[in-house]
1. Report, by residue number, each residue of region 253-285 that is aliphatic (A, V, I, L, M) and in a strand (DSSP E or B).
2. Considering only strands (runs of 3 or more DSSP E) fully contained in region 127-235, which possess at least 2 residues that are within 27 Å of K269 (Cβ to Cβ) and of a type in the set (V, I, T)?
3. What is the one condition in (1) more than 13 Å from K287 (Cβ to Cβ); (2) out of contact with any Pro (no Cβ under 7 Å at 6 or more places or on another chain); (3) at pLDDT 95 or above that I221 does not satisfy?
4. Could you list, ordered by first residue, the pairs with Cβ atoms under 8 Å in which the first is in region 229-247 and without any contact (Cβ under 8 Å) to a residue 12 or more places away in the chain and the second is of a type in the set (A, V, I, L, M, F, W, C), at least 6 apart or interchain?
5. Assuming L67 fulfils every condition listed in (1) surrounded by fewer than 15 Cβ atoms within 10 Å (Cβ to Cβ); (2) assigned to a helix (DSSP H, G or I); (3) touching a residue at least 24 places away in the same chain (Cβ under 8 Å) apart from one, which condition is it?
6. Would you check if there is a residue in region 167-182 being charged (D, E, K, R), touching a helix residue (DSSP H, G or I) at 6+ places or on another chain (Cβ under 8 Å) and closer than 20 Å to A276 by Cβ?
7. For F199, which of the numbered conditions (1) open to solvent by less than 30 Å² (accessible area, probe 1.4 Å); (2) of a type in the set (F, W, Y); (3) farther than 24 Å from N263 by Cα fails to hold?
8. Taking region 271-297, which residues are touching a Lys or Arg at 6+ places or on another chain (Cβ under 6 Å) and either among the charged types (D, E, K, R) or open to solvent by 20 Å² or more (accessible area, probe 1.4 Å) (or both)?
Amino acid sequence: MLKSKSLLVLGFVWPEPKSSAAGNRMMQLIELFQRQNYAITFASTAQNLEFSEDVSSIGVTPKTIKLNSATFDVFVKELNPEIVLFDRFMVEEQFGWRVSENCPNALKILDTEDLHCLRQARQLAVKEKREFTLDDLFSDVAKREIASILRCDISLIVSEFEMELLQKQFRVSKDILYYLPIFAKKLEILPTFQERKDFVFIGNFLHEPNWDCVKYLSEVIWPLINSKLPEAKLLVYGAYPSQKVLELHKPKQNFHIMGRAENALDVVKKAKVVLAPIRFGAGIKGKLIEAMQCGTPSITSSIGAEAIAGNLDWNGFVKDTPNDFVEAAILLYQDENLWKQSQENGFKILKERYNKALFEKDFNLEINSLLKNLKNLRNSNFIGSILQHHLVSSTKYMSKWIEEKNKK
């Protein structure tokens, strides 16, 4: 039997695949590497929460680590992984220099999840009630995020739009970017149009775009739909609802805050239509992929649909103004033929764009090639080496100062 290779995942949080698309994405990455005979350790500074995945149940070794502590240096040097996967750029900032010092030959992979600088720039534009412009991108967060991408050997990007943005706007070489979307397929058994009822929204409320979306639904979209379809309900599901979310519960207006769904797919497949008027965000919206899996047509915004369907028809409608959104929602809810066609559009998107079989082999070949040619890769990414040098010089001594301070 082949000797297992070692992969260390440094997680921003412990994965919650039943609560967030990010958690589901992480579990998919773990499975990809397990299928290539990697022994995986998942380490995080975060606290295990109620709905965190028990990674040990799938053969992954869990490890709690500390910030600004030499104990990590001892741990990572002893583990000596062939690959280190950073879960979001903030984790690479914290631990990347320690990995480079103690395991200089480890392949460093950054899973971006989404471009934080893009999401925050769009959020700022919404807050200031104006149109987003490309000038909004060039923020301090962008400097940190792009620097992290440059320091890593390869960065995994879930959105083709973000692949293009990184190359055109930030001049990041395509040689250190790799497109790898989330994977999904339709459920085998699904309720019919006649067996379904109501509208649904689902999303983790620790994610700011979800809170904004539900507030927008409550204040702008739902009152218009409710006046036209008084018998229909909007069921809002999501983990970690805050008090301000719970206060939106208005059963007399058929607007129901339901809390966390035990099974997101089960909830979505019972609904007739998914409503997701997303006003800011980045990456691929897991809730809209889930809708396609459940055969549930959706209505979303241009930002919500961004990069998901490619050149294929959406599984419902993409509308950006309240009146257009509401009109589409009512039409889709009532027209069975349109609903069925929209459902088929979603199945086609999944089959042609999110089928794991389309990506797994090429991803494995890419990783093996990077491992074999790591020196040449790093020589060709000299700017990344410069940033690595200066990060180690600055972050290292700040971290060591904090470490000494904590001893007192």
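1. I257, M258, V273, V274, L275, A276
2. 199-202
3. (2)
4. Hits for this filter: L246/I257.
5. It is condition (2) that L67 fails.
6. No, every residue in region 167-182 fails to be charged (D, E, K, R), touching a helix residue (DSSP H, G or I) at 6+ places or on another chain (Cβ under 8 Å) and closer than 20 Å to A276 by Cβ.
7. Checking F199 against (1) open to solvent by less than 30 Å² (accessible area, probe 1.4 Å); (2) of a type in the set (F, W, Y); (3) farther than 24 Å from N263 by Cα, the one that fails is (3).
8. Those that are touching a Lys or Arg at 6+ places or on another chain (Cβ under 6 Å) and either among the charged types (D, E, K, R) or open to solvent by 20 Å² or more (accessible area, probe 1.4 Å) (or both): K272, Q293.
The values are calculated or read from the model by the stated rules, or taken from the named source; none is laboratory data. Quick caveat: nothing in here was measured; it's all calculated off a predicted structure. Heads up, the Cβs are rebuilt from the backbone with ideal geometry, glycines too, and the neighbour counts pull from every protein chain shown. SASA here: full protein model, heavy atoms, side chains in, ligands and nucleic acids out. Shrake-Rupley method; radii C 1.70, N 1.55, O 1.52, S 1.80 Å.
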